[in-house]
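Read-outs: derived from the displayed coordinates by stated rules, not from any lab. Here the structure is a predicted model, which means the values were calculated and not measured. A quick note on method: Cβ atoms are made from the backbone with ideal geometry, for glycine too, and the neighbour counts reach across all protein chains shown.
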């Protein structure tokens, strides 16, 4: 049963046509399987930094394929994404980040300077390029657990609204 966006992604388009191109961004084409692989890499990187779930993770990227990959990766990590406008004035950006309270901000090397300029510490930044470096998967790429499987050391059960990843 598909009851959330990850269910639609995995059980819908991904299950039916993994190699179909889903995003065309400038000259680059992204098949569904590659989007899944990069998104799970992204989730693994997030889970290396935090064990928190259901927390906002800011995304400071323009409208592009990397934004879609970051958003899906954040959902795989069990968190929610908050896309920020890269054209926001510095003071507004600073206020939004303060109010959001995100422990991680997904961005690119190109846009990281704008975040540093408003006082975001380096350890809070997570570059989306890191998730896209390894086409075959990040060394600690996560496996999505079946929703009914209990997580080791976790009293909660994974559910469609709280997908969890296990990092080997």
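Just a few scattered comments:
- Share, in percent, of DSSP beta bridges within region 1-113 that are antiparallel, nearest 5: 35 percent
- Relative contact order of region 1-72, defined on C-alpha pairs under 8 angstrom at six or more residues apart (%): 26 percent
- Taking 0.36 nm per residue of separation and subtracting the Cα-Cα distance, full extension of the segment from residue 87 to residue 130 would add 13.1 nm.
- Overall size of region 84-124 from C-alpha positions, given as principal axis extents largest first: 21, 21, 15 Å.
- What the Cα atoms of region 1-107 give is an Rg and a Dmax of 14.7, 45 Å.
- Stretch gain in nm, segment residue 49-residue 63, where the contour uses 0.36 nm per residue and the Cα spacing is subtracted: 2.5 nm
- Distance in nm between pseudo-label sites at residue 27 and residue 114 (7 Å out along the Cβ direction from Cα): 2.5 nm
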